[in-house]
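Here, each number is a calculation from the coordinates, and none is a lab measurement. Quick caveat, the model's predicted, so the values are computed rather than measured. Cβ placement follows ideal geometry from the backbone for every residue including glycine, while neighbour counts extend to all protein chains displayed.
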Amino acid sequence: MFTLKFRLFKKKKKFMTIISATQKVDSNIEKIRPIFPFTAIVGQEEMKLSLILNVIDPKIGGVMIMGDRGTGKSTAVRALVDLLPEIQVVADDPFNSDPNDPEAMSDFVREKFTNNEPLLTNKKKIPMVDLPLGATEDRVCGTIDLEKALTEGVKAFEPGLLAQANRGILYVDEVNLLDDHLVDVLLDSAASGWNTVEREGISISHPSRFILIGSGNPEEGELRPQLLDRFGLHAQIGTVQDPQLRVKIVEQRAAFDESPIGFRQKYQIQQQKLTNLLILARQNLKTVQISSEFRVQISQVCATLNIDGLRGDIVTNRAAKALACFEGRQQVTTADIFRVIPLCLRHRLRKDPLETIDSGEKVCETFQKIFNE
């Protein structure tokens with residue numbers, strides 16, 4: 001029996017070594033693999049605006065991007081990585097704990113913070129995690145660390161994707177094809193900001209606050225209303241019909257494929273400018289004001305459209321303030337509200353099950369009546 005366990009352990013250790021080496025190779029590949037610049041994306045302004053607003057204010061609640069095949073949904077989300085500012089995290093903490101916010105700390109870090117023990121910190125890019133459709137619940141939530149269980153005989157927690165995505169972005173491509181049980185896990189974590197794991201005698205909770213970004217093709221089916229409502233914004237994109245724009249997109253893609261590094265260098269200044277704007281907007285967001293009159297009118301629009309719950313009111317206020325801050329203004333205007341309110345409310349309208357999501361025309365008409373615009 002002991003010999004069998006020892007053989008299993010050797011195989012397990014060898015397997016873990018292979019995985020570790022593979023992960024190192026993958027990380028090196030990611031460092032040298034060029035990403036298409038965000039500022040080089042032609043058109044799709046609604047999608048780009050939604051992503052930028054969520055980076056400025058993560059409490060908006062993420063964005064759902066629905067559109068035809070080959071319209072640059074995944075390209076835009078992955079291009080967002082280059083623009084993400086750095087955040088301060090506790091060193092050697094797998095949960096990206098915030099050293100200045102006790103509510104965003106893991107239990108171990110909070111204990112050290114409470115005891116006034118020094119916390120080693122460093123800066124890192126806001127993490128972005130891809131959630132594959134075939135991921136298991138253990139991989140997403142975390143599970144028992146088998147290596148420590150076999151070598152040391154102790155129960156230890158191995159963090160999952162929700163831990164890696166804390167204070168970052170969780171991206172789900174083809175989210176409308178995701179298994180229902182994983183959808184429920186994402187809903188719980190997105191709503192509470194915490195992930196609780198009960199596995200083989202282990203009970204642990206850790207912070208899991210992330211921007212949930214999903215993309216999908218409406219031809220493959222719509223999302224459940226419970227999940228759709230969790231997304232703060234809903235961006236609809238379509239195939240570009242202007243022949244000149246189509247030619248420009250094809251030429252840019254061909255130039256990037258031919259010389260990715262050279263193509264990125266052409267947009268280096270624009271990329272840095274946009275990154276600086278995002279950092280400044282995140283710092284100044286708390287100073288932006290929205291008048292009480294506008295707040296009342298936003299709620300009137302939501303009530304007139306029979307929006308369930310108050311999430312539509314909250315998201316519209318936040319998105320309008322983020323847009324004003326991004327454009328360097330301290331006060332929200334009606335133009336700001338008009339630009340963001342279709343993104344915030346179109347997917348929350350009550351509709352017939354056979355109908356598709358409204359393009360935003362009904363929301364805009366109601367806005368014009370109440371705001372007298």
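With a ≥ b ≥ c taken as the square roots of the eigenvalues of the C-alpha gyration tensor of segment 288-371, please select rounded if a/c is under 1.5 and otherwise prolate if a/b is larger than b/c or oblate if it is not?
prolate
If the chain between residue 187 and residue 361 were fully stretched, how many nm would it gain, using 0.36 nm times the residue separation less the Cα-Cα distance?
59.8 nm
Taking a ≥ b ≥ c as the square roots of the eigenvalues of the Cα gyration tensor of segment 48-152, is the shape rounded (a/c under 1.5), prolate (a/b larger than b/c) or oblate?
It is oblate, given that a/c is not under 1.5 and a/b is not larger than b/c.
Would you work out the charge dipole size for segment 214-373 about its Cα centre, treating the Cβ of every Lys and Arg as +1 and the Cβ of every Asp and Glu as -1, and quote it to the nearest 20 debye?
700 debye
Name the GluC sites (Glu not before Pro) in segment 188-224 that are in a loop by DSSP and that have at most 13 other C-beta atoms within 10 Å, would you?
Sites meeting the loop and neighbour criteria: 200.
Could you put 51, 285 in order, starting from the residue whose Cβ has the fewest other Cβ atoms within 10 Å?
Ranking 51, 285 by Cβ neighbours within 10 Å, fewest first, gives 285, 51.
A 19 angstrom limit on the alpha carbon distance is what I want to check against. Which of 48/73; 48/124; 73/248; 123/266; 59/286; 73/362 exceed it?
48/124; 123/266; 73/362
Alpha carbon centre of segment 44-102 versus segment 260-280: separation in Å?
16 Å
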